[in-house]
């Protein structure tokens with residue numbers, strides 16, 4: 001994949017999405033379009049289209065952001081984030097390095113993980129949209 005400059009990303013993304021995905025921002029809790037979303041399908045990176053999560057792994061964590069207990073494939077990088085005076089595990093798209101959110105060890109079985117993701121970092125392809 002070709003790397004883009006910050007200016008190229010600014011031309012492609014709206015300001016809110018740029019802030020979350022390229023500047024590691026966070027959308028307000030309960031404000032994202034995918035927080036209470038329950039349709040069947042797949043969640044992809046808004047920046048590059050990489051498959052990230054299946055709807056079957058989505059659950060309501062009550063935290064205000066879309067939450068998943070596992071990633072769809074190994075398309076997510078996990079790195080330590082010490083910003084904001086705490087230690088967390090940041091999740092980014094392995095293909096384009098877009099900031100997705102964070103992963104925590106307080107999720108349900110079978111993984112015990114909670115991938116807490118900004119809606120602005122996601123695109124959704126409904127199950128019935130995936131067949132041509």
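The values are calculated or read from the model by the stated rules, or taken from the named source; none is laboratory data. All figures in this text were calculated on a predicted structure; none of them were measured in a lab. Heads up, the Cβs are rebuilt from the backbone with ideal geometry, glycines too, and the neighbour counts pull from every protein chain shown.
Details
- Residue check for residue 61: over 14 Å from the mean Cα position of the chain (by Cα) and part of a loop (DSSP other than H, G, I, E, B): yes
- Counted residues, region 73-91 - those being over 15 Å from residue 113 (Cβ atoms) and touching a helix residue (DSSP H, G or I) at 6+ places or on another chain (Cβ under 9 Å): 0
- Test result for residue 17, modelled with pLDDT of 95 or more, within 21 Å of residue 124 (Cβ to Cβ), in a helix (DSSP H, G or I) and out of contact with any helix residue (DSSP H, G or I) (no Cβ under 9 Å at 6 or more places or on another chain): no
- Residue in region 46-57 that is in contact with a strand residue (DSSP E or B) (Cβ under 9 Å, 6 or more places away or on another chain), closer than 19 Å to residue 125 by Cα and assigned to a helix (DSSP H, G or I) present: yes
- Within the option set 27, 8, 80, 50, being free of Cβ contacts under 8 Å to residues at least 60 places away in the same chain and surrounded by 15 or more Cβ atoms within 10 Å (Cβ to Cβ) holds for one residue only, 50.
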